[in-house]
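Asks: Questions regarding the structure given below will be posed in turn.
Each reported figure results from applying straightforward, stated rules to the coordinates on display, with no laboratory input. As the structure is a prediction and not an experimental result, all values here were calculated from the model. With ideal geometry, Cβ positions are generated from the backbone for all residues, glycine too; neighbour counts draw on all protein chains shown.
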Ligand SMILES: Cc1cc2nc3c(=O)[nH]c(=O)nc-3n(C[C@H](O)[C@H](O)[C@H](O)COP(=O)(O)O)c2cc1C
């Protein structure tokens with residue numbers, strides 16, 4: 001139960017947005033380019049983890065599930081992130097290739113919603129990224145059966161020790177259950193907070209390999 005003060009705070013605290021516009025004319029024709037433009041502005045605004053996004057997946061019973069992860073590459077093909085293929089998100093994505101990413105840059109009063117179709121990136125791409133990771137993270141990818149129940153922290157720590165010995169004086173290879181997914185977008189919404197909740201929403205959708213833009217009511 002929330003304390004009275006917290007309840008009161010979240011119920012009454014409001015702020016207006018600063019009214020920075022985002023119009024059809026400002027929106028670039030290609031949404032990936034538009035994403036890069038906003039990303040550049042996020043970088044300049046010193047936003048913490050501007051590459052963090054919330055990924056939503058749906059399981060076989062239609063139950064959605066969301067978690068934060070890092071987008072590690074952006075290309076004309078889509079948005080790439082790395083994870084454990086046997087994790088909960090991995091099993092969701094195995095059954096249902098549709099997923100969404102949500103990026104919120106509060107300091108810029110911006111949200112980007114991306115819907116798309118998931119595929120695994122090539123092994124060579126995952127290898128390259130895995131090899132660039134710190135050794136401790138590489139060992140962690142072997143030691144952690146992501147999303148599986150463990151008895152306690154010491155179970156994880158002893159698995160870390162085990163794999164440290166396995167790979168002593170050797171390069172850590174990429175575990176077969178760890179790699180990248182690419183979310184190829186079918187729709188992207190760029191949301192800019194405006195005064196009095198009259199926000200700007202520009203949505204791109206893909207038809208015949210062509211992007212079209214529309215505006216949605218806030
Ligand atoms: C800031 C932040 C960044 C994260 N980055 C990743 C990531 O890149 N890949 C990943 O698998 N999990 C990442 N996580 C952990 C996930 O949120 C989540 O706990 C994990 O992937 C297990 O999710 P699942 O059980 O739904 O598969 C991150 C969490 C936070 C808070």
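Asks: I'm checking my understanding of the structure. Among residues of segment 83-100 that are more than 12 Å from the ligand (Cβ to nearest atom) and either under 30 Å from residue 218 (Cβ atoms) or in contact (Cβ under 8 Å) with a residue 40 or more places away in the chain (or both), which one is farthest from the chain's Cα centre (by Cα)?
Replies: Only one residue fits best here, namely 96.
Asks: On to the next question. Would you confirm whether or not segment 118-136 contains a residue that is under 12 Å from residue 183 (Cβ atoms) and either under 14 Å from the mean Cα position of the chain (by Cα) or within 12 Å of the ligand (Cβ to nearest atom) (or both)?
Replies: Yes: segment 118-136 contains one or more residues that are under 12 Å from residue 183 (Cβ atoms) and either under 14 Å from the mean Cα position of the chain (by Cα) or within 12 Å of the ligand (Cβ to nearest atom) (or both).
Asks: Output the residues belonging to segment 36-52 that are away from the ligand (no atom under 12 Å from the Cβ), in contact with a strand residue (DSSP E or B) (Cβ under 6 Å, 6 or more places away or on another chain) and either more than 18 Å from residue 102 (Cβ to Cβ) or not in a helix (DSSP H, G or I) (or both).
Replies: Result: 47, single match.
Asks: Still on this structure, I have one more. Condition (residue is touching a strand residue (DSSP E or B) at 6+ places or on another chain (Cβ under 9 Å), within 16 Å of the ligand (Cβ to nearest atom), free of Cβ contacts under 8 Å to residues at least 24 places away in the same chain and closer than 27 Å to residue 129 by Cα) applied to segment 53-61: is it met by at least one residue?
Replies: Within segment 53-61 (the criterion being touching a strand residue (DSSP E or B) at 6+ places or on another chain (Cβ under 9 Å), within 16 Å of the ligand (Cβ to nearest atom), free of Cβ contacts under 8 Å to residues at least 24 places away in the same chain and closer than 27 Å to residue 129 by Cα), the answer is no, since none of the residues qualifies.
Asks: When the residues of segment 169-204 are filtered to those that are over 22 Å from residue 139 (Cβ atoms) and part of a loop (DSSP other than H, G, I, E, B), which remaining residue is farthest from the chain's Cα centre (by Cα)?
Replies: 198
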